[in-house]
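Values quoted throughout were computed directly from the atomic coordinates according to the rules given, and no laboratory measurement underlies them. Everything numeric in this text was worked out from a predicted model, so none of it was measured. In this analysis, Cβ positions are derived from the backbone assuming ideal geometry, glycine residues included, and neighbour counts consider all displayed protein chains.
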Amino acid sequence: MRYIEKVKNLKFEELIVKLIYCLLFVSLVEMTVSGNAFTSAEYFSEVSLPMHLISFAALSAFSIILLDKKFDPYICLAVLLVLLFSVNMQNTDYKGIYLALVSAGVMAGFVFYFSKKIAFPKIGDKAAWVIVGLCALFFTLFVGLLTSYKYLSHLTPNFDFGIFAQMFHYMKKDLSPMTTCERDGLLSHFAVHFSPIMYLALPFYALIPSPVTLLMFQALAVGSGAIPLFLLSKRLGLSNKKTVALCAAYALHPVLIGANLYYFHENCFLAPLLLWLFYFLEKDAKVSSLIASGVFALAVCLVKEDAPVYIFFIGLYFLFSGKGKRRGLALMMLAAAYFLFVTSYLSANGEGIMAYRYGNYIFEKDGSIYSVVINLIKNPSYLLTQLMKAEKLEFLLFMTCPLAFIPFAIKKPSGVILLLPMILINFMTEYKYQYDIGFQYTYASVAFLFYLSAINLTTVKGETAKKLLVSAFAASLIFFASTHLTKLPDAVKYYGDHTPVIESINEGLDSIDKDKSVTATTWLVPALWDRDTLYQFEYTENETDVYVFDLRFSLTDKAKAKIDELTENGYKEVYRVERAVVIYEKN
């Protein structure tokens, strides 16, 4: 009788919820056990409709009769999230931004519907620190192992990983950031990009001199940004639950992970340094905090020649937000002074500022970066034509959807200033890599978005904030599944499947005398990092003692012609493994 009464008291709405998650669960199980893609005809033919309906009916009966309805919101959200996670992970036919976007939207709809019926346990300070530490560890291991396996499989190109691998070889030897494979001759990398911050990684590299050290260091550096993000969020008054959710979204953010997947770059320092700067700027006005703010602001400037732009906008925000006009002015003056210094340095000693990336705003024959400002003043509406492009709007969704669009919940107009660096660096340019989630130009923009999210959450009511953060965490998981999750197991599998070829390549490369000059095709340049004279075959005409050609891929006509030329000029084939590598050395 008790069970009959329980069924009678079940509202129609509650019955529908039970039926929904039972149907989703049955589908999830069938997707999990199936050996076929769930979008394939084979999958649909192997699913038995009678068994499907019997399983659904049995599970529904169990839920209706035995499960207390108070558990339904939790079960439904959990089953839906796992299902959507699996869909985005497994789907190979429609994988991309729109599937993830719709999935995140569906999840958010259920979260908002159930928000008043769900509660989360309190998280103490120690537990919060543990969770944040696990977030940082997850990011470090996932990104570090993925990029390391790519390098060990000889799947990292010279541009740009070979450049940095050789540069650190020189830095360890005599502290000079020299390369030969960047501009086809011995040149300081600081003539291309002025990045003294690189010396922070040198002690770690000196302990274990290997390109893998650089990749693991970068993953650790970016992952550690979860710590200042946690401190910053707490300083702004967010609860442990909110700060933990924000840090989890940081560790899973597809753009932040993707920025690491073009391997090592100085830009990686921007995310943690900016978050530490935000924390000390928000902390208090004590001398210690002011000094720390100055140190981190200068450290950000030392990352790259365009990094003072970020400091300038932070200063502008503090000036107009009322959080500290003096600090804002000081930051703006520091940014302006450093930018003048670094542009003068690169003009005199390097290749100058890369104004060509904003060539869509430069119409004068001898135009410069200053022409961009002048032409925008002449025609501000032209900016809209450069921002409103499909690929840039998709990029915007990748940036903000995993945060449930919280960065746009701006209450004070001054908050808009924190969006300007992303607009300037990622959206105004015509250089396509700056609005691609697989390249390194997004670290700072992501840091700004998380800072803005933390600020905005302080103005959002508790119930709404809970909905947004749960939605953000779910969206981050879904986008992570859609973009990067399978890349690590794929990289490990590739390494395992191709171990004989990889070992053959390693054996050949190890046989080359380290004192000899080497030219190699792009995928093998990074593995030859520990020699003074190293060139990429595709971009050099310099003659060297040794030539290395990757045979895993079809040789280009230029490579075939070069091999004939080497044979005619007295070079001898000293090592060859078919479908692996061939090495020619001067007699």
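For the range 524-561 and the range 482-514, what is the separation of their C-alpha centers, rounded to whole Å?
So the separation of the two Cα centres works out to 18 Å.
Hey, got the dipole for the chain? About the Cα centre, +1 on K and R Cβ, -1 on D and E Cβ, debye to the nearest 20? Intermediate results must be reported in sequence, preceding the final value.
Working: 51 positive and 48 negative charges, 746 e Å.
For this selection, approximately 3580 debye.
For K172 paired with V102, estimate the spin-label separation in nm (one decimal), with each label point 7 Å from Cα along the Cα-to-Cβ line.
Each label point lies 7 Å from its Cα, and together they span 5.0 nm.
Can you check what the net charge comes to around I131, using other residues whose Cβ is under 14 Å from the Cβ of I131 (Lys, Arg +1; Asp, Glu -1)? Display every interim value, and only then the final one.
Numbers: positive: K122, K126, K234, K241, K242; negative: D125.
Summing Lys/Arg as +1 and Asp/Glu as -1 gives +4.
Please report the relative contact order for the chain, taking Cα pairs under 8 Å with a sequence separation of at least 6, and give it as a percent rounded to a whole number. Don't skip to the end; give the middle numbers.
Details: 845 pairs, mean separation 108.8, N = 587.
Once divided by the residue count of the chain, the mean separation gives 19 percent.
Taking the highest mean first, how do the peptides 470-477, 547-554, 17-24 order by number of other beta carbon atoms within 10 angstrom per residue?
Numbers: 470-477: 25.1, 547-554: 17.8, 17-24: 19.2.
Listed from highest to lowest mean packing, they are 470-477, 17-24, 547-554.
For K516, give me every one of the aspartates and glutamates with a C-alpha distance below 15 angstrom, ignoring sequence neighbours fewer than eight places off in its own chain.
Partners found: D530, D532, E543, D545, E585.
Would you kindly state how much longer the chain becomes between Y382 and A561 on full extension, computed as 0.36 nm times their sequence separation minus their alpha carbon distance, in nm to one decimal? Intermediate values should be presented prior to the final figure.
Numbers: separation 179, 0.36 × 179 = 64.44 nm, distance 4.77 nm.
Roughly 59.7 nm would be gained on extension.
Could you compute the FRET efficiency for K70 and F408, with r as their C-beta to C-beta distance and R0 at 45 Å, rounded to 0.05? List each step's numbers first, then the result.
Working: r = 34 Å, r/R0 = 0.76.
For R0 = 45 Å, the calculated efficiency reads 0.85.
Classify the range 235-341 as rounded, prolate or oblate, taking a ≥ b ≥ c as the square roots of the eigenvalues of its Cα gyration tensor: rounded when a/c is under 1.5, otherwise prolate if a/b is larger than b/c and oblate if not. Numbers along the way, then the final one.
Numbers: a/c = 2.22, a/b = 1.15, b/c = 1.93.
Oblate, since a/c reaches 1.5 and b/c is not below a/b.
Past the 21 Å Cα-Cα mark, which pairs from K411/K461; K323/K411; K562/K586; K11/K122; K432/K493? Don't skip to the end; give the middle numbers.
On the way: K411/K461 12 Å; K323/K411 15 Å; K562/K586 14 Å; K11/K122 30 Å; K432/K493 31 Å.
The pairs that break the limit, which is 21 Å between Cα atoms, are K11/K122; K432/K493.
If r is the Cβ-Cβ distance from T32 to A127 and R0 is 30 Å, what FRET efficiency results, to the nearest 0.05?
Details: r = 31 Å, r/R0 = 1.02.
In this case the efficiency is close to 0.45.
Of the listed values [x] 158; [y] 190; [z] 173, identify the label whose number matches volume of the Cα convex hull per residue in Å³ calculated from this model.
[y]
Give me the number: length gained by fully extending D545 to L53, i.e. 0.36 nm times residue separation minus the C-alpha to C-alpha distance, one decimal in nm. Walk me through the numbers on the way to the answer.
Details: separation 492, 0.36 × 492 = 177.12 nm, distance 7.10 nm.
Contour length minus the Cα-Cα distance gives 170.0 nm.
Below 23 Å, Cα to Cα, which lysines can K18 reach? Residues fewer than 8 away in the same chain don't count.
The qualifying lysines are K6, K8, K69, K70, K116, K117, K467.
Looking at the range 289-384, which trypsin sites (Lys or Arg not before Pro) are DSSP coil and have at most 16 other C-beta atoms within 10 Å of their C-beta? Please report the intermediate quantities before stating the final value.
On the way: sites: K304, K323, K325, R326, R327, R357, K365, K378; in loops: K304, K323, K365.
Hits after loop and neighbour filter: K323, K365.
Excluding N240 itself, calculate the net charge of residues whose Cβ lies under 12 Å from the Cβ of N240, where each Lys or Arg counts +1 and each Asp or Glu counts -1.
Around N240, the surrounding residues sum to +4.
Rounded, prolate or oblate, given the Cα gyration tensor of the range 2-117, with a/c below 1.5 counting as rounded?
Numbers: a/c = 3.19, a/b = 1.40, b/c = 2.27.
Because a/c hits 1.5 or more and a/b fails to exceed b/c, the range 2-117 counts as oblate.
Determine the distance separating the Cα centre of the range 108-142 from the Cα centre of the range 365-404; give it in Å without decimals.
Cα centroid of the range 108-142 versus Cα centroid of the range 365-404: 35 Å apart.
With n ≥ 4 as the cut-off for DSSP H runs, can you work out [θ] at 222 nm for the chain, using -39500 (n - 2.57) per run divided by the number of residues, rounded to the nearest 500? Write out the running numbers ahead of the final one.
Numbers: 25 runs with 345 residues, N = 587.
Rounded to the nearest 500, the figure is -19000 deg cm²/dmol.
Hey, for a label at L200 modelled as a point 7 Å past Cα toward Cβ, could you say which residues of the range 216-246 have their backbone N under 14 Å away?
217-229
With r defined as the distance between the Cβ atoms of L298 and M89 and R0 fixed at 51 Å, what FRET efficiency is calculated, to the nearest 0.05? Please list the in-between numbers first.
Values: r = 42 Å, r/R0 = 0.83.
About 0.75, to the nearest 0.05.
Between beta-carbons, use under 13 Å as the cut-off and find the net charge around A559, counting Lys and Arg +1, Asp and Glu -1. Intermediate results must be reported in sequence, preceding the final value.
Working: positive: R552, K558, K560, K562; negative: E538, D550, D557, D564, E565.
It works out to a net charge of -1.
How high is the relative contact order of the range 213-295, given as a whole-number percent (alpha carbon pairs under 8 Å, six or more residues apart)?
Details: 65 pairs, mean separation 33.8, N = 83.
It comes to 41 percent, rounded to a whole number.
Helix by helix, which DSSP H runs in the chain go 20 Å or more along their axis at the Cα atoms and have an average Kyte-Doolittle hydropathy of 0.5 or more? Intermediate results must be reported in sequence, preceding the final value.
On the way: long enough: 12-33 (32 Å, 1.71); 49-66 (25 Å, 1.91); 72-90 (26 Å, 1.63); 97-114 (25 Å, 2.01); 125-152 (40 Å, 1.37); 287-301 (21 Å, 2.17); 325-349 (35 Å, 0.80); 443-457 (21 Å, 1.56); 462-483 (31 Å, 1.00).
Helices meeting the span and hydropathy rule in the chain are 12-33, 49-66, 72-90, 97-114, 125-152, 287-301, 325-349, 443-457, 462-483.
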